[in-house]
Amino acid sequence: MNDGGAAGGQPPARALAQVFHRLIANTGPISLAHFMAESNARYYNTRDPLGTNGDFVTAPEISQMFGELIGLWLADMWIRSGRDEPVHYVELGPGRGTLAHDALGAVGRYGLTPRVHFVETSTALKAVQLDLHPGAQWHHDLSTLPDNGPLLVVANEFLDALPVRQLVRTPAGWRERMVGLERGGLALVAGDRPMDAAVPPAMQALDLPDGAIIETSPAAAAIVYELAGRLAAQGGAALIIDYGQAHSRLGSTLQAVREHRKVDPFSTPGEADLTAHVDFAALAAIAQSRSARWLGTVEQGRWLRALGIEARAETLCRAAPEHTAAILAGRDRLIGEGQMGALFKVMGLAGPNWPDGAGF
């Protein structure tokens with residue numbers, strides 16, 4: 001979508017909101033997926049949103065242990081699979097490049113020196129990543145990744161920012177939830193086209209009440225479909241880490257975060273991070289349909305404990321006692337059930353002939 005007045009000096013959020021207003025006024029409500037895609041494209045391409053001075057903090061920024069343990073997991077998978085070369089480290093949405101820095105530092109101790117590939121569409125974040133990883137190759141999507149060796153893939157808090165589609169049950173049947181205009185502002189409305197055929201078969205069998213919402217992410221499904229096909233053909237392993245549920249559920253999970261607080265998703269499009277929970281059950285089924293191995297989906301806290309985060313924290317504390325409080329706080333934030341430990345899940349995928357992964 002052309003944002004029109006943004007070049008004229010208007011604040012980006014105001015400009016994008018005006019574009020949405022004009023578009024909806026002229027052509028009618030737009031899909032939630034359309035709204036989310038345009039808003040997040042503007043958001044991520046105009047800023048570095050990470051850190052205490054940004055809008056949110058991700059696990060790699062909390063503690064180096066997160067990236068280190070991911071690196072050790074990947075190295076272990078590669079070693080037990082036969083050490084095939086060439087091998088490629090691929091990260092989807094690498095943020096500032098912090099996770100890759102910590103993971104690659106860990107794998108190097110085991111003789112693994114993969115070629116580095118980042119799938120990134122944000123100009124602002126790519127500039128930050130370039131400082132840490134000048135030798136990396138950047139890709140707009142998975143289609144240009146190499147096909148000449150196994151892939152070691154990490155996607156941390158990547159799928160949650162992809163557009164979602166929502167269907168709502170109404171007295172007239174299922175309708176798509178759209179973004180329209182109400183009382184002068186952007187708001188969710190029910191579309192006027194019947195969408196019963198788009199309801200998953202498992203949901204069609206249920207007698208769901210009016211107001212029930214089914215949320216899916218075709219974009220996330222497409223990413224995992226392509227990734228699983230790559231793993232099946234080339235070999236390799238992948239870790240998908242995000243907040244979400246291990247079993248499919250009803251209801252809307254759309255949220256917006258700005259300056260570390262939840263805000264109205266429709267108040268300042270392009271100025272807040274729009275996300276939705278990842279449906280790991282749906283993604284596991286898609287991966288298996290492509291002949292990739294689903295290693296399991298577990299809570300982040302359980303997975304990190306199984307990989308030895310508590311012992312690693314003790315080692316770091318002994319090496320740098322002056323940082324003990326920060327190290328332990330980072331550990332607790334990553335594994336605590338009331339923090340990231342239970343809400344975030346880790347899903348493992350692998351090529352057909354690759355081994356089981358630790359922690360699953």
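Can you name the residue in region 232-271 that is under 20 Å from Leu151 (Cα atoms) and small (Gly, Ala, Ser) and is also surrounded by the fewest Cβ atoms within 10 Å (Cβ to Cβ) among such residues?
Across region 232-271, the extreme among qualifying residues is Ala233.
Within region 299-345, work out how many residues are within 19 Å of the chain's Cα centre (by Cα), crowded, with 18+ Cβ neighbours inside 10 Å and not aromatic (Phe, Trp, Tyr).
Residues flagged as within 19 Å of the chain's Cα centre (by Cα), crowded, with 18+ Cβ neighbours inside 10 Å and not aromatic (Phe, Trp, Tyr) within region 299-345 amount to 9.
Out of the residues in region 166-189 that are on the phi > 0 side of the Ramachandran plot and small (Gly, Ala, Ser), state the one that is surrounded by the fewest Cβ atoms within 10 Å (Cβ to Cβ).
Step one: of region 166-189, the residues on the phi > 0 side of the Ramachandran plot are 173, 183-184.
With small (Gly, Ala, Ser) added as a condition, the list becomes 173, 184.
Working: Gly173: 11, Gly184: 7.
Here the residue is Gly184.
In contact with a helix residue (DSSP H, G or I) (Cβ under 6 Å, 6 or more places away or on another chain) and closer than 28 Å to Gln245 by Cα: does that describe Val189? Full working, then the answer.
Values: in contact with a helix residue (DSSP H, G or I) (Cβ under 6 Å, 6 or more places away or on another chain): no; closer than 28 Å to Gln245 by Cα: yes.
The answer is no for Val189.
Inside region 47-95, can you point out the residues that are under 24 Å from Arg230 (Cβ atoms) and among the β-branched types (Val, Ile, Thr)?
Ile70, Ile79, Val87, Val90
I'd like the residue in region 204-231 that is touching a Leu at 6+ places or on another chain (Cβ under 8 Å) and without any contact (Cβ under 8 Å) to a residue 60 or more places away in the chain and, out of all such residues, is surrounded by the most Cβ atoms within 10 Å (Cβ to Cβ).
Ile214
Please work out if Ala292 is free of Cβ contacts under 8 Å to residues at least 40 places away in the same chain and buried (at least 19 other Cβ atoms within 10 Å of the Cβ).
On the way: free of Cβ contacts under 8 Å to residues at least 40 places away in the same chain: no; buried (at least 19 other Cβ atoms within 10 Å of the Cβ): yes.
Here the answer is no, as Ala292 does not meet what is asked.
State the number of residues belonging to region 225-251 that are among the hydrophobic types (A, V, I, L, M, F, W, C) and under 18 Å from Gly67 (Cα atoms).
5
Looking at region 194-203 only, could you name the residues that are aliphatic (A, V, I, L, M) and surrounded by 11 or more Cβ atoms within 10 Å (Cβ to Cβ)?
Let us first name the residues in region 194-203 that are aliphatic (A, V, I, L, M), namely 195, 197-199, 202-203.
Met195, Ala198, Val199, Met203 - these are the residues of region 194-203 that are aliphatic (A, V, I, L, M) and surrounded by 11 or more Cβ atoms within 10 Å (Cβ to Cβ).
Could you grab me the full set of residues in region 198-213 that are farther than 18 Å from Ala285 by Cα, at pLDDT below 85 and not in a loop (DSSP other than H, G, I, E, B)?
Within region 198-213, just Gln204 meets the criteria.
Within the group Gln245, Gln234, which residue is touching a residue at least 40 places away in the same chain (Cβ under 8 Å), more than 21 Å from the chain's Cα centre (by Cα) and under 24 Å from Leu99 (Cβ atoms)? If you could, list the steps in order and put the result at the bottom.
On the way: Gln245 fails: more than 21 Å from the chain's Cα centre (by Cα).
Only one candidate qualifies: Gln234.
Determine which member of the set Pro163, Pro146 is in contact with a Leu (Cβ under 8 Å, 6 or more places away or on another chain), in a loop (DSSP other than H, G, I, E, B), surrounded by 14 or more Cβ atoms within 10 Å (Cβ to Cβ) and modelled with pLDDT of 95 or more.
Working: Pro146 fails: in contact with a Leu (Cβ under 8 Å, 6 or more places away or on another chain).
Going through Pro163, Pro146 in turn, just one is in contact with a Leu (Cβ under 8 Å, 6 or more places away or on another chain), in a loop (DSSP other than H, G, I, E, B), surrounded by 14 or more Cβ atoms within 10 Å (Cβ to Cβ) and modelled with pLDDT of 95 or more: Pro163.
The values are calculated or read from the model by the stated rules, or taken from the named source; none is laboratory data. Since we're looking at a predicted model, the values are computed, not measured. Note that we place each Cβ from the backbone using ideal geometry, even for glycine, and neighbour counts take in every protein chain shown.
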